[in-house]
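Take a look at the structure below.
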Amino acid sequence: MKSQYIVLSSVLIAGLLTADNVVAQVAREPLPLESWVSREGVLDAQVSPDSTYVGLLKIRSNKANAVVEIYRSADLGKKPYTIGKRKMNVVEFHWLSDTKVVLGMGESAGPDAGADDRTDRGNRIAVADVESEKLRILEGVEGTIEELLPGESDKIIISFAEYSAGTPAAALPSRFRPRSYWELDLNSGALKLRVRGKAILGNFEFDARGKEWLARGVDLTKDEFIWYWRSPGGTGWTEVMRMGAGDADVFAVESIDLTKADHLLVRANNGHDKIGLWSFNVNTRSFDELVARREDVDVYGVRYHSNQWKNPHLVTGVSYFKDKLHVEYFDAVEKATYERLQYAIPYAHVIDINSRSRDGATMTVHNAGPRDPGTFYLLHEAKLQAVGGSQPLLPSRSLVDIQYIDYRAQDGQSIPAYLTVPQGKPPFPLVVLPHDGPFVQEAIVFDEWAQLLANNGYVVLQPQYRGSLGYGKQFHRAAFERSSQQSSAMHGDLDAGAKELVRRGLARSDRIAIFGWSYGGYAALLAASREQQIYQCAIAGAAILAPQKYVHDRQYRLRGVGDEAQIRLWSDNDSVLDIVEQLYAPLLLVRGSADQRVASDDTEQFHKLLEWHGKDYATLELEGAGHSLTTLSYRHREDLYESIIDYLENDCGPGGL
């Protein structure tokens, strides 16, 4: 393949600040809240296969639905063809051919609407011709776009959920939930069943020929996850792996290994502490070859070839996450392409070529990082230009870099963390921001909360406390295996990080707060109960208040996700309702009125107990919001951010933070 490279310009990238040697920057006035909560922006950009057109998925105003704007790549200044429908919101779009686009459209969105979990019903399928500028919504067809069929611009594969809300299947990880898959004729609207999923064999993926090659299922009687494989041209399914809910090792199929027949590329421990990428022989059901593994962190995933028209499903690199996403490439041309983009794009951090023309010369590129909430670029005719950002009201000069540090916990365990230092001269007031989960990998690219707080003068610490994923099996299991006080070490990791920043001169010892959501909110409340109190206040959003009740009500759902660690952790933790008398720090409590995980009667009881014990607390209820952050609308975020900043400034301990 001929290289299509050009070095566009030399961009000075600001160096990362170190925790021990902070270079003071002149503090700027905080941005208005509208800059943080605005819905306006570009959500996606895709170039047509022949490079003639580029489409932008865009929200034009806070009250508007998302539409697709189609521009000629050679003339972005010309008025675009806008694809949209009154009272409907475009969720996604894909190029079927040089002139035809397929769209997924949902219910009308707006300032009072949050983004629910991805659902099928209500998702309409539409087709647009960009030359005739005609849009046709297929009547009676609802579902999720799963796959474009190679060489067939008039057919796609869509899917529907094959489970009901509130059932064990609904609680499974999304890629294990049973679905039915249908071939949709975009001309006639006719549907042809490809495969109907069941729990035992229910979730499918398709290869470059549009054929099913991978399937996942769950044996609910044995609480086991199952992976299946189908050989090219075959009709039956071969079971390749079963993983129990309590298994410590990870097994996750990433792709077909195109270099070896009957082999898969799998992320797995295979008996090791760190997750690596392996070539797995489906016939012998064994790991044949280690492709990549690191000693410090787990393999995060794989990177596919940027030209999916010419090289569909081709893995060209393996990724891992530390200070940012790093990729180790197997393909020299792909590596060189990304390196040139890294130099050309301002504040380059995590770059992805998210679409490319058939000839490879034209592409859309997405960049996101601490100084860039997300910007799309078009490279066309050797010219790179920005075509839109996801949060254009956040200028890079008002944002700050993020540092990746580590510190020692009280028992000597090394704890990695992300540190966001505001502009100005230290020491600063500190906000400790524990992630939820708790057993997740917090892969930070652009963190809106950390940047918002830093923009208002707070240094922000996001500890990857033990139990966090991404740092190996031993680090994960240290959260619930070392002692009868299984969670105490996790919470001690937060306090140790705060004390370390004070020691380094970055934070003031008398100006420390803690803020978290879901499990992070629970951790914030426990932090407020410690007798040796270092926090001036705690902000708890959607906090789990009664862990044992939470486990009892959702135990089959928690087992459904294959994580017995969750059950063990929540079962062994204190109920906040039992330790109200020991809550020493002032509290701001945030809850969505539609939160199904934090019972309203628990919240009412908690408030009554706080009143009874004369505790200093304030509340914020977000009307219509659920437990997940994705349910927060423009209005919710506006109320939440305003309340947090006001509370920290005025009510977080004597004189505020």
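For the residues Arg28, Arg39, Arg60, the requirement of being at pLDDT below 95 and over 28 Å from the mean Cα position of the chain (by Cα) singles out Arg28. Considering every residue within the range 197-219, establish whether at least one is over 22 Å from Glu254 (Cα atoms), touching a strand residue (DSSP E or B) at 6+ places or on another chain (Cβ under 6 Å) and either open to solvent by less than 60 Å² (accessible area, probe 1.4 Å) or not in a loop (DSSP other than H, G, I, E, B) (or both). No.
For the range 372-386: of the residues being under 27 Å from the mean Cα position of the chain (by Cα) and open to solvent by 50 Å² or more (accessible area, probe 1.4 Å), which is farthest from Lys58 (Cα to Cα)? Let's see the steps before the verdict.
Let us first name the residues in the range 372-386 that are under 27 Å from the mean Cα position of the chain (by Cα), namely 372-379, 385-386.
So of that shortlist, the ones also open to solvent by 50 Å² or more (accessible area, probe 1.4 Å) come out as 385-386.
Details: Gln385: 17, Ala386: 14 Å.
The residue in question is Gln385.
If you go through the range 443-452 and keep only what is closer than 14 Å to Gln403 by Cα, within 14 Å of the chain's Cα centre (by Cα) and not β-branched (Val, Ile, Thr), you end up with Ala443, Phe446, Asp447.
Scanning the range 57-83 for residues that are open to solvent by less than 30 Å² (accessible area, probe 1.4 Å), in a loop (DSSP other than H, G, I, E, B) and farther than 23 Å from Leu393 by Cα turns up just one, Ser73.
Being surrounded by fewer than 16 Cβ atoms within 10 Å (Cβ to Cβ) and under 24 Å from His491 (Cα atoms) is the filter here; which residues of the range 585-598 pass it? Please lay out each step first, then the result.
The initial filter retains those residues of the range 585-598 that are surrounded by fewer than 16 Cβ atoms within 10 Å (Cβ to Cβ), namely 593-594, 596-597.
Selection gives Arg597 alone.
Among the residues of the range 401-421, those that are touching a residue at least 40 places away in the same chain (Cβ under 8 Å), assigned to a loop (DSSP other than H, G, I, E, B) and either open to solvent by 10 Å² or more (accessible area, probe 1.4 Å) or over 22 Å from Leu453 (Cα atoms) (or both) comprise Asp401, Ala409, Gln410, Asp411, Gln413. Within the range 353-369, the set of residues being open to solvent by 10 Å² or more (accessible area, probe 1.4 Å), part of a loop (DSSP other than H, G, I, E, B) and either closer than 14 Å to Tyr304 by Cα or not acidic (Asp, Glu) (or both) comprises Arg358, Ala361.
Out of Trp309, Trp278, report the one residue that is free of Cβ contacts under 8 Å to residues at least 40 places away in the same chain and aromatic (Phe, Trp, Tyr).
Numbers: Trp309 fails: free of Cβ contacts under 8 Å to residues at least 40 places away in the same chain.
From the options Trp309, Trp278, the qualifying one is Trp278.
In a residue-by-residue description of the range 232-250, the property of being assigned to a loop (DSSP other than H, G, I, E, B), surrounded by 14 or more Cβ atoms within 10 Å (Cβ to Cβ), over 26 Å from the mean Cα position of the chain (by Cα) and at positive phi applies to no position.
Taken residue by residue, the range 570-582 has at least one member that is part of a helix (DSSP H, G or I), open to solvent by less than 20 Å² (accessible area, probe 1.4 Å), among the β-branched types (Val, Ile, Thr) and modelled with pLDDT of 85 or more. Restricting attention to the range 112-141, the residues that are surrounded by fewer than 17 Cβ atoms within 10 Å (Cβ to Cβ) and either at pLDDT below 90 or not in a strand (DSSP E or B) (or both) add up to 14.
For Ser529, state whether it is modelled with pLDDT of 75 or more, surrounded by fewer than 22 Cβ atoms within 10 Å (Cβ to Cβ), over 30 Å from Ile645 (Cβ atoms) and in contact with a Leu (Cβ under 9 Å, 6 or more places away or on another chain). No; evaluated as a whole, the condition is false for this residue.
His552 - would you say it is at pLDDT 95 or above, surrounded by fewer than 17 Cβ atoms within 10 Å (Cβ to Cβ) and in a helix (DSSP H, G or I)? Before you say what the answer is, go through the steps one by one.
Values: at pLDDT 95 or above: no; surrounded by fewer than 17 Cβ atoms within 10 Å (Cβ to Cβ): yes; in a helix (DSSP H, G or I): yes.
When the stated conditions are applied, His552 does not pass them.
Against the list (1) of a type outside the set (Lys, Arg); (2) touching a residue at least 60 places away in the same chain (Cβ under 8 Å); (3) in contact with a Leu (Cβ under 6 Å, 6 or more places away or on another chain), the condition Asp273 fails is (3).
Let's see how each residue does on (1) part of a loop (DSSP other than H, G, I, E, B); (2) crowded, with 24+ Cβ neighbours inside 10 Å:
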position: Val431; (1), (2): no, yes
position: Asp436; (1), (2): yes, no
position: Val440; (1), (2): yes, no
position: Ile444; (1), (2): yes, no
position: Gly467; (1), (2): yes, yes
position: Ala479; (1), (2): no, no
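Look at (1) at pLDDT 90 or above; (2) small (Gly, Ala, Ser); (3) more than 14 Å from Glu152 (Cβ to Cβ) and you find that Ala170 fails only one, number (1).
The values are calculated or read from the model by the stated rules, or taken from the named source; none is laboratory data. Since this is a predicted model, take the numbers as computed values, not measurements. Reconstructed Cβ throughout: ideal geometry from the backbone, glycine too, with neighbour counts over all protein chains shown. With ligands, DNA and RNA removed, areas are computed over all heavy atoms of the protein, side chains included. Shrake-Rupley method; radii C 1.70, N 1.55, O 1.52, S 1.80 Å.
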